[in-house]
């Protein structure tokens, strides 16, 4: 029956060799060669549910019907901190994972107990049951001729014994090792007559080994624990550094969105204002009051303004997506974010000496350098200790015992403390030259020198804001003056267009400078390591129950689980208007009021992807009598070109204003 079962198992294992997964489940010891690349279909992998999100906004579909959500800077920071299982940081126009999580300090903290376990007592119990039966040859004792033995017998004795030993050893901070060992071995031998059968041998010994040089210093033995504590501190400050960068990134993403929205307003004003001008010039050209060169110049500038507006609107979409990403929100949720915290416009007067002192004391990266230096010193302690020769003083004292049963059936045993052993000695061991240990010591000393050198190395935007603010005011005055001069025929249209370009650029530049100034204020707090304190953010430790060192006998104990940031306190002002309104966004003087000298309400300009209409040629114009008859060249539009993004652009032939038709 057993033979049939073995044959059946062998047959099944051979049949399953083609399907290694099934074979490993039934017979975990059967593994065939992997002769092909096995890749599972993605449908077999664990599925991650993705949240449903509506259609995102694009430059061709801005979705103006979306419901707005007013968001202050304090609420943005608070939201990011609440969604911070994985710390996200701003990287350009997107947010990426920093690689830090709230669980990192708790994970590294377990290393302290791992190093402390070196000094915990260790218990070892060994048990074995043995049967020893060795054959041997003897002369046949039944042979009658004792002088001429001719026959031999093979016989033997069987010894059944049980061996048990218990050992407890404990290392101390001096590097010494205590050792307590208890052994017992009862045995019975048969056949034969023996003085004691069965008999039990036992021994109890206590020993101590103390390193005198290598491994014998308190600082070197405690260095691994100190290193584990330093690693925990480093993990905490690295996590804090990433949280600080997250808060600074939220501030930057917020002000970048404000600047982008302001830039869109300025570009849209340029398009709206110049659209009125193109309508007016089109009507004037039709009445032979303006030349076609001015119209072509205005049409070209309008096309450029429209292209700039598309770029600005795309930038708003990207900036809002970056802010959503760093806040931990979905890319689209049917809401449009409206920042309502106005930027600070007051000058900050720094105390550079105090800032340097704060940075040297509170910056996490500088603190990490200090911790690295402390870790280097501990590594140097270990390396210096390992460079010493191995000299150990050893001592052992042992109590031996024996008991058993005599042939007459009586028991006998040795007395307490009757048989003892002791040993004293000094052991010496050293590799000749100590090349490896001394090279390691040199390396640790050089690392300390390098890290000390690293540790010792340790109002532009506001001025730009003031300059751009003055430039914006000047450009507004210049635009109004150029419009008036053009109305009265004192300047050409090109000056008006240039003034409109300068005004739009000055509005955008002023917004960029002030938002960058506010971002730099947060960056300054980040560099001094105080950005969390100034925003009222602290860390609190969440604990969880796990089995302690005694397992189920000792019950659960609380250990650190994660390190979460608290909510930030309110710091920034909140307005009932969008944040970009802080820049006093008022459009320039309406061109309709300044240039309405011919009716043009019925003129409809094409969209961005349509061809601009041509103005009918006037056939009754005659060149001056003293001028050569020019070659008539009707205004032509170059073919429409489509770029990679699929946006059509119109290019127009620009002629000199004095060209004749």
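The values are calculated or read from the model by the stated rules, or taken from the named source; none is laboratory data. Small disclaimer: the values here were computed from a predicted structure and weren't measured. Because the Cβ atoms are built from the backbone with ideal geometry, glycine has one as well, and the counts that use them run over all protein chains shown.
Within region 43-88, how many residues are assigned to a loop (DSSP other than H, G, I, E, B) and either on the phi < 0 side of the Ramachandran plot or modelled with pLDDT under 75 (or both)?
Of the residues in that region, 23 qualify.
If I ask for residues that are surrounded by fewer than 17 Cβ atoms within 10 Å (Cβ to Cβ) and within 15 Å of residue 215 (Cβ to Cβ), which ones from region 371-424 would you list?
Passing the criteria: 389, 390, 393, 394.
Given the criteria within 30 Å of residue 225 (Cβ to Cβ) and either modelled with pLDDT under 85 or outside any loop (DSSP other than H, G, I, E, B) (or both), does residue 442 qualify? Break it down stepwise before answering.
On the way: within 30 Å of residue 225 (Cβ to Cβ): yes; either modelled with pLDDT under 85 or outside any loop (DSSP other than H, G, I, E, B) (or both): yes.
Yes, satisfied.
Checking residue 258 against (1) under 30 Å from residue 93 (Cβ atoms); (2) surrounded by fewer than 24 Cβ atoms within 10 Å (Cβ to Cβ); (3) in contact with a strand residue (DSSP E or B) (Cβ under 7 Å, 6 or more places away or on another chain), which single condition isn't satisfied?
Of everything listed in (1) under 30 Å from residue 93 (Cβ atoms); (2) surrounded by fewer than 24 Cβ atoms within 10 Å (Cβ to Cβ); (3) in contact with a strand residue (DSSP E or B) (Cβ under 7 Å, 6 or more places away or on another chain), residue 258 misses just condition (2).
Which of (1) in a helix (DSSP H, G or I); (2) within 32 Å of the chain's Cα centre (by Cα) does residue 329 not meet, given it meets every other one?
For residue 329, the exception is condition (1).
Does region 538-558 contain any residue that is within 20 Å of residue 247 (Cβ to Cβ), in a loop (DSSP other than H, G, I, E, B) and modelled with pLDDT of 85 or more?
For region 538-558, residues within 20 Å of residue 247 (Cβ to Cβ), in a loop (DSSP other than H, G, I, E, B) and modelled with pLDDT of 85 or more: present.
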